[in-house]
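*Asks:* Here you go, one structure.
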Amino acid sequence: MARWGDVVENPMTGERVTFLETAGETNGELLRFEYVLPPRFSIPEHVHPRQEERHEILSGTLRGRVAGRERDYGEGERAIGPPGVPHAWRDPSEDRELRIVSELRPALHLEALIEVGFELAGNLKADRKKALKLLPRMIMLADEAKHEFYLTAVPRPARGAFSALLGALGYVVGRLGYDTHPPR
């Protein structure tokens, strides 16, 4: 479980997150973190049915598309992805990192997905056996979070089939004794 000041990095993508307010510290109301995105990094169009996503730009340019409208946000500006509205984000720069402060309300499972996902990516790069040990935890987290966001490019029938598969895998992994949040 993340704490204020914890830093996690994804060595495969170059993303870096510094936790500023965690779900545990805000009773699940808010997840707030500084997010550094490498040049040309994109987050594909997605929807959070119950979460609001906000970004304040610290340096660089955030190119956002919200409800089909695209625009650039510069230093000091804020971009918002309202609940239920498709949105996508990217760093359009060829050579400059983008630094933003991101907030999600309520926090839901995103904090754990970031932590486990980045750790899994690091282990895939460095130690595949260790990565396999994290995979059951990632399956359980993905199952728990499967209704919290979805990619708009994935057709609804495919999302439904994937959700059912995650449910079945999550059940099996849970019966094997795995937990989503092992002790720190």
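*Asks:* Sort through Arg63, Arg71 and tell me the only one that's basic (Lys, Arg) and buried (at least 17 other Cβ atoms within 10 Å of the Cβ).
*Replies:* Just a single option satisfies the conditions, and that option is Arg63.
*Asks:* Of everything in the stretch 78-96, what is surrounded by fewer than 16 Cβ atoms within 10 Å (Cβ to Cβ), farther than 15 Å from Phe149 by Cβ and more than 16 Å from the chain's Cα centre (by Cα)? Give them in sequence order.
*Replies:* Arg78, Pro92, Glu94, Asp95, Arg96
*Asks:* When you go through Arg137, Arg99 one by one, which is the residue that is surrounded by 18 or more Cβ atoms within 10 Å (Cβ to Cβ), within 22 Å of Asp6 (Cβ to Cβ), at pLDDT 80 or above and over 11 Å from the mean Cα position of the chain (by Cα)?
*Replies:* Arg99
*Asks:* Checking the condition modelled with pLDDT of 85 or more, surrounded by 14 or more Cβ atoms within 10 Å (Cβ to Cβ) and of a type outside the set (A, V, I, L, M, F, W, C), which residue from Tyr150, Tyr178 passes?
*Replies:* It is Tyr150.
*Asks:* So is Pro38 more than 24 Å from Ala121 (Cβ to Cβ) and modelled with pLDDT of 95 or more or not?
*Replies:* So Pro38 does not fit the description; no.
*Asks:* Among the residues of the stretch 19-51 satisfying the criterion of being without any contact (Cβ under 8 Å) to a residue 60 or more places away in the chain and under 13 Å from the mean Cα position of the chain (by Cα), which is nearest to His87 (Cα to Cα)?
*Replies:* Ile43
*Asks:* So is Pro92 modelled with pLDDT of 90 or more and under 22 Å from Val17 (Cα atoms) or not?
*Replies:* Considered against the rule, which asks whether it is modelled with pLDDT of 90 or more and under 22 Å from Val17 (Cα atoms), Pro92 comes out as yes.
*Asks:* Right, here's the next one. Please go through (1) over 27 Å from Arg156 (Cβ atoms); (2) touching an Asp or Glu at 6+ places or on another chain (Cβ under 9 Å) for Glu25 and return the number of the only condition it doesn't satisfy.
*Replies:* (2)
*Asks:* Those residues that are surrounded by fewer than 18 Cβ atoms within 10 Å (Cβ to Cβ) and either at pLDDT 75 or above or within 15 Å of Leu169 (Cα to Cα) (or both), I need them from the stretch 118-132; list them, please.
*Replies:* Result: Leu132, single match.
*Asks:* On to the next question. Of the numbered conditions (1) in a helix (DSSP H, G or I); (2) touching a Gly at 6+ places or on another chain (Cβ under 8 Å); (3) of a type outside the set (D, E, K, R), Leu113 fails exactly one; give the number of that condition.
*Replies:* Looking at each condition in turn, Leu113 falls short on (2).
*Asks:* Ok, one more. Taking the condition in contact (Cβ under 8 Å) with a residue 40 or more places away in the chain and touching a strand residue (DSSP E or B) at 6+ places or on another chain (Cβ under 6 Å), does Leu98 pass?
*Replies:* yes
*Asks:* Give the stretch 59-92 a look and list any residue that's hydrophobic (A, V, I, L, M, F, W, C), under 12 Å from Ser42 (Cα atoms) and out of contact with any Ser or Thr (no Cβ under 9 Å at 6 or more places or on another chain), or say none.
*Replies:* Leu62
*Asks:* Can you tell me how many residues in the stretch 1-18 are within 18 Å of Arg96 (Cα to Cα), within 13 Å of the chain's Cα centre (by Cα) and among the aliphatic types (A, V, I, L, M)?
*Replies:* Number satisfying all stated conditions: 1.
The values are calculated or read from the model by the stated rules, or taken from the named source; none is laboratory data. These numbers come from a predicted model, not from an experiment. Neighbour counts are summed over all protein chains in view; Cβ atoms, including those assigned to glycine, are modelled from backbone coordinates with ideal geometry.
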